[in-house]
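J.: Mind having a look at this structure? Questions to follow.
Nothing in this text is a laboratory measurement; each read-out follows from the coordinates by a stated rule. Just so it is clear, the structure is predicted and the values come from calculations on it, not from any experiment. Every residue, glycine among them, receives a Cβ derived from its backbone with ideal geometry; neighbour counts consider all protein chains shown.
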Amino acid sequence: MTAVISFENYYVKNISYQPNENFKAPDNGIDLKVDFSVNIGVDSKNAVVELSSEIGDEFEEGQPFNLDLTIVGLFEYQGNKNEPMQEFNNYLKQNAIAILFPYLRSLISDITSRSNQFPAYTLPVMNIAEMLKDNNSIKFQFFNNES
């Protein structure tokens, strides 16, 4: 059986890293704020999936830095063209996000380690697709490419 979606490539759309000049480590350890969102643009054959993260806060005393990062994944629909688009959308919500997450996770670790101010931050392994779904953080935009 052929995969229903094909991962074509990804690229970094945005990176912003700001250290917190007023950082003071709390006695009970650092608990970084982490937020994710996804925007998915879809037509009948292709999808562009933007996975974004915002980590920390450059102004809150207990947060060492603020890191905003967005990566974009390009996917192609390989399923039965007679099936409803809902099948493609379901695969994007679950699988495309899961495919992109390790790239985002690796970039975050790399950027924070290269800052050379704080220890590298590694996101925990998680079911990010389920978390985004539960937080209503997955947004779709549909395009009609009929010619």
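J.: Mind ranking 69-75, 7-13 by how tightly packed they are, going by the mean number of other C-beta atoms within 10 angstrom, highest first?
T.: Order by mean packing, descending: 69-75, 7-13.
J.: Would you mind classifying region 28-91 by shape? Square roots of the alpha carbon gyration tensor eigenvalues, ordered a ≥ b ≥ c; an a/c under 1.5 is rounded, otherwise it is prolate if a/b is larger than b/c and oblate if not.
T.: It is prolate, given that a/c is not under 1.5 and a/b is the larger ratio.
J.: In region 33-134, which trypsin sites (Lys or Arg not before Pro) fall in coil by DSSP and have 10 or fewer other Cβ atoms within 10 Å?
T.: In loop regions of region 33-134 (DSSP not H, G, I, E or B), the sparsely surrounded trypsin sites (Lys or Arg not before Pro) are 81.
J.: Starting from the exponent 0.38 and prefactor 2.2 Å, build the expected Rg for region 1-122 from its residue count and divide its actual Cα Rg by it.
T.: Expressed relative to 2.2 N^0.38 Å, the Cα Rg reads 1.30.
J.: Using the Cβ atoms and a cut-off under 13 Å, what net charge is assigned to the surroundings of residue 31, where Lys and Arg are +1 and Asp and Glu are -1?
T.: Working: positive: 33; negative: 27, 57, 60, 61.
Its environment carries a net charge of -3.
J.: Let me ask another. When the label point is put 7 Å from the Cα of residue 114 along its Cα-to-beta-carbon vector, which residues of region 16-31 have a backbone N closer than 14 Å?
T.: 16-18
J.: Within straight cross-link reach of residue 139, meaning Cα distance under 26 Å, which lysines are found once same-chain residues fewer than 8 apart are removed?
T.: Partners within reach: 13, 33, 45, 81, 93.
J.: Related question: For the chain, what does the helix formula give at 222 nm: sum of -39500 (n - 2.57) over DSSP H segments with n ≥ 4, over the residue count, nearest 500 deg cm²/dmol?
T.: -6500 deg cm²/dmol
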